[in-house]
Every structure is written in C-alpha cells, then in structure tokens.
Amino acid sequence: MTRAEPLNPSPTANAANDGVTEDATVPSLRDAVTRAVRAYLKDLDGQLSTDVYEMVLAEIEAPLLEEIMAYTRHNQTKASTMLGLNRGTLRKKLKQYDLIGKKHQG
C-alpha cells in the first residue's frame, strides 16, 4: 500500500462521464480552497460569519466521502483504510451526510 500524496494538478486531460474535466491548468486542491475561501470572504463584504470552519469541512468532506466510497465500490473497510479513518468514524460521517446505503451515480 502506498502513502497518500497531496492532490496536485493533473498533466493530462480527463473528460469523464461525470461532467468533471481536468486539464493541465487545473489548480491543486489547496489552491482551489484558497480561491473559494477568498471569494466567500469577499462576498461577506466586511460582515462576520459564524461556523465557517464547519461549513468548509462539510463542503469538502461530503464529496470526498462520496468519491472514495465510489472508488472502493462502497467497501467501508477499504474506504476507511484509504481515508486513514477508523471504520466506525467513517460510518458516522457517512450517516452525517446521509451517504449510508446510497450508491451514488457520478
């Protein structure tokens, strides 16, 4: 088993059936999050917001779990290993995002 590496831009194009496309200009996940947070803060226009941390985690965590579950063909043991989570923690998160028992089509 190999250790996870940071998600970086893909040098090749990938036009998958799920509507998600990648090309050589795709930013890293970190860059995408930075841009999204900056845009969110700009939209606040000086106002304060609460629970930003939880909101950002939910926005990232739910699609991450969906994609990993699809990749592992909904095998929670494999998914928990890939994510580095205890299987019980994974189940709790799947329930939190209403992903238990659902086999999403991409």
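Stretching VAL37 away from THR72 to a fully extended chain increases their span by 9.6 nm, per 0.36 nm per residue minus the current alpha-carbon distance. Backbone phi angles across segment 87-98, fed through the Karplus curve with coefficients 6.51, -1.76 and 1.60 (θ = phi - 60°), yield HN-Hα couplings of 4, x, 5, 4, 4, 4, 5, 4, 5, 4, 9, 6 Hz in residue order; Gly and Pro are listed as x. Shown in residue order for segment 45-57 are the 3J(HN,Hα) couplings computed by the Karplus curve 6.51 cos²θ - 1.76 cosθ + 1.60 at θ = phi - 60°: 6, x, 6, 8, 10, 10, 6, 4, 4, 5, 4, 5, 4 Hz (x for Gly and Pro).
Any read-out appearing in this document is the output of simple, stated calculations on the displayed coordinates, not a laboratory observation. As the structure is a computational prediction, the values presented were derived from the model and not from experiment.
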